[in-house]
Every structure is written in C-alpha cells, then in structure tokens.
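K.L.:
Have a look at the structure that comes next, please.
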Amino acid sequence: MEGTKRRTANSLGMFDLLKGIGMLTIVFAHTGELYPMGDASSINPLTFFMFAYREALMAAFYIASGYGFRKRSIGKCIDQQCKTLLKPYIYTGIATTVFHFIVHYTMFGNLHNATYETYKVLGGFALGLPHTATYFGQLFFSCGPMWYLLSLMIAWILLDIILNIFPEQYINWAVLGTMLLGWGICITWETPFCIGQGMVTVPALYVGYLAKKHKIFEKPLSPRLRRGMILSALAVAVLVLLTQSTDCVSMAEWTFGPVSILLDAVTGLGILSIVIWFQRRVDNIVIHAVQAIGRRSLFIFCVHTVELTAIPWYLMPQKFAAHPVLGMVLQFTLSLGSTLLICELLVRRRDLRFWLTSRREKQAKAAPRRRFARHPEPEARHYAAKH
C-alpha cells in the first residue's frame, strides 16, 4: 500500500479527484445560476457556496496543469498546445453550432430565428469570446466553458516565452507584469480569443510549475505556506462579504483587482493541497467514481459546452417557477447524466470501433467457408458420391 501511495503522489493521476470535484461543481454552478436562489448578483448561503471560491477552484485547475508544465522551444510549445487544446476547441465549436441550430429549429420551428441565433453562437466561437459581447455592431454569444481551454493555451504559451526569454532572477517579475497587463486589458477592452484571461492566469500556472520544481506535494507543507493559504482563503471570503460580489475571470471581474487574482492563486494551491491530502487517505467507491469523472474532464468540458449552449435550459426555471429546487435538481440530473453518458460513448468509441472491425473481419473470413459448404467443388462432390 505504501508503494501505491508513493506512485500516486508522483503521477498526474494525483489530480483526478480535483478534476472530478471541479466538473461536478461546474455543472452544478451553471445549473444553479439560472434559478433565482442561485443569482450571483446577491450573496446568500447558496451563492456563497457556489461562487465565493469559484475562481480559487479554477486557479487550482491551472496549478494542476502547471504541475505538468515543461519548458521547451516556443515553436514546439505552440504546436503542442494547438494539438492538445485548440483542436478540441474547434471540434466543440462546430458541434455546438450544428446542435444549436437543430435543437432551436426543432423546438421553435422558426428557420430565420434559429439561423440568426446560431450565427451568434458561431461568431462567439470564431472570436473566442469569454462572455457575450458586441463586435462590429453585432452581438455574439460567449464560447461557454471553452474559454478555459483558450485561456489555458494562451497561459502555457506565455509562460513558455517567459521562461525562454527572461533570466531566472527576473521570471517572477515577468509573470507579475504579464498578470498586471492582462488585468488592465480585461477591464478596458473585451479582447477576443481570451487573451486577457490567459494573461491573468499565468501566475497560477507558474505556481504549479514551482510546486513541481520544489516538490511541494511530496512533503509536508511548511507552516509559513500553510498560514499563507489559510489567510488567503479568509481574505477571499471577507472580500466577498464586504463587496457582495465574487470574482469571475471569464467576466473580467475581481473584488480587489490584481490582489484578488493572487489571493485566488494561493487559495487554489490550498484547495489542491487539501484534495491531494484527502485522496491519499480515503479510498472507497465514491472517491473512485469522482476520480473516473476527473479522468474524463476534457470530454466533459467539451460535451457540457455543447449541451449548455445548444439546449435552451433557460426554459426550465420558467417551467418550475413554483418549485425551483425541484427544477434545479432535475436539470442538474439531466445535464450531468447526459454529459456523462455521451462522454462514456466518446471514451469507448475506440473499443466500439475495434469490436465492429473485428466482427466484420470474422464475418468476412466465415463467408467463404459458408459458400464452400453450400457449393462444394466438383472433385469434392465426386469424392462424396463414391464414398
């Protein structure tokens, strides 16, 4: 058992539980914010639970990604990110556009409206918008949860550039300067392709890189680092209560500007540390199920984006206006269940393709034998007649 724990600590599988918790939280938050009690514009126990540490959790995702960061040439880094993140983004954008048109035309029966609304969706993906915005006098929808993939791609490339260009003693300042420039861009201009969001998440990615370099998760946390995590988490909660608002990277909103960005990064490191500590000590079927969800996080991000954008979930709160809790639970169950089912089919598609190919090959091999049994050669018939 001890050897198993050590292997878990040194592999990327150590983040499966975090990713699984994150996927469940994201689907629940996207469901809850459609209902009155989940409206983030007012802070109540539910919205505090859903949104107070939302960006700290996202920072934990960036830190986990940064843990696997490896410096390479800038060209190789760009090529790797395009293959790893840009391709799923493009496929998801195409699927979302197609299903959005089909669903809206089927449900509402208006070809013009279905085409026009789908055009907004397509434009949002083409521009890589983190939130709904107006470009060229035309309103375009956001690319949904896919903003995370774009921002992660931008952050990876920027961090690789920083590590390749700057001497080691200036790297911290370069990362901080990138974050400040990104924050300034976010609050002054709605940049396409999530450029500003990618710049402000470079510190979290860099924290993950340093965590791997200094083996933070492989040894007990220092008292100083532990105090910093606790104080950062308390500061995030206090700022949420004082400002009655929460941080939201995709909307370029922070309760205390760049300070909140850094607080979220440190708090995210604390969340990640707690999850890893818990994962190493608890082993049961529930943990395994959440880890399985985490291993499918990229598929879930993509499929959840399609169903969140293509399906008019906003009709559910209207349908269950008298019973909002029931509506929220039902919608969450339908959204999560359909997403996991489709993800499982996507994961198993290679096995299914292999099974179908093997079956066709067996049928092809068996076909000549059946033909020979039905129509034996003349010599075989003659031999059978004599004997």
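The values are calculated or read from the model by the stated rules, or taken from the named source; none is laboratory data. In this text the structure is predicted, and so the values were computed from the model without any measurement. We place every Cβ from the backbone using ideal geometry, glycine too, and count neighbours over all the protein chains shown. Calculation scope for accessible area: heavy atoms of the full protein, side chains included, ligands and nucleic acids excluded. Shrake-Rupley method; radii C 1.70, N 1.55, O 1.52, S 1.80 Å.
K.L.:
Considering M50, M58, which residue is farther than 22 Å from R295 by Cα and of a type in the set (A, V, I, L, M)?
P.N.:
Selected residue: M50, the only one of M50, M58 that is farther than 22 Å from R295 by Cα and of a type in the set (A, V, I, L, M).
K.L.:
Return only the number of the condition from (1) part of a helix (DSSP H, G or I); (2) without any contact (Cβ under 8 Å) to a residue 12 or more places away in the chain that I63 does not satisfy.
P.N.:
(2)
K.L.:
If you don't mind, another one. Just to verify a result, which residue in the range 202-225, among those that are in a helix (DSSP H, G or I) and charged (D, E, K, R), is most open to solvent (accessible area, probe 1.4 Å)? Write out each step before concluding.
P.N.:
Here is the first cut: in the range 202-225, the residues in a helix (DSSP H, G or I) are 202-213, 216-218, 223-225.
This time we only want the ones that are charged (D, E, K, R), so: 212-213, 218, 224.
Working: K212: 96, K213: 109, E218: 82, R224: 194 Å².
Across the range 202-225, the extreme among qualifying residues is R224.
K.L.:
Moving on to the next point. For the range 86-101, indicate whether the set of residues that are of a type in the set (D, E, K, R) and out of contact with any His (no Cβ under 9 Å at 6 or more places or on another chain) is non-empty.
P.N.:
Within the range 86-101, one or more residues are of a type in the set (D, E, K, R) and out of contact with any His (no Cβ under 9 Å at 6 or more places or on another chain).
K.L.:
Then there's this: Conditions first: (1) more than 30 Å from V121 (Cβ to Cβ); (2) surrounded by 23 or more Cβ atoms within 10 Å (Cβ to Cβ). G228 passes all but one, so which condition is the exception?
P.N.:
(2)
K.L.:
Residue under question is K212, and the condition is that it be out of contact with any Pro (no Cβ under 6 Å at 6 or more places or on another chain), of a type in the set (D, E, K, R), touching a residue at least 60 places away in the same chain (Cβ under 8 Å) and on the phi < 0 side of the Ramachandran plot; does it hold?
P.N.:
yes
K.L.:
Scanning the range 262-309 for residues that are over 19 Å from T339 (Cα atoms) and among the acidic types (D, E), which turns out nearest to the chain's Cα centre (by Cα)?
P.N.:
Taking the candidates together, the pick is D264.
K.L.:
State yes or no: is M199 surrounded by 20 or more Cβ atoms within 10 Å (Cβ to Cβ) and closer than 22 Å to L298 by Cβ? Step through it out loud before you land on a result.
P.N.:
Details: surrounded by 20 or more Cβ atoms within 10 Å (Cβ to Cβ): yes; closer than 22 Å to L298 by Cβ: no.
Judged against the criteria, M199 is not a match.
K.L.:
Restricting to helices (runs of 4 or more DSSP H) lying wholly in the range 70-144: which have 1 or more residues that are open to solvent by less than 20 Å² (accessible area, probe 1.4 Å) and among the small types (G, A, S)?
P.N.:
Per the criteria, 87-108, 111-127.
K.L.:
While we're looking at this one, here's another question. Open to solvent by 50 Å² or more (accessible area, probe 1.4 Å) and modelled with pLDDT of 90 or more: is that true of R6 in this structure?
P.N.:
For R6, the condition - open to solvent by 50 Å² or more (accessible area, probe 1.4 Å) and modelled with pLDDT of 90 or more - is not met.
K.L.:
Can you find, within the range 180-196, the residue that is surrounded by the most Cβ atoms within 10 Å (Cβ to Cβ) among those that are of a type in the set (A, V, I, L, M, F, W, C) and free of Cβ contacts under 8 Å to residues at least 24 places away in the same chain?
P.N.:
Ranking the candidates gives I185 first.
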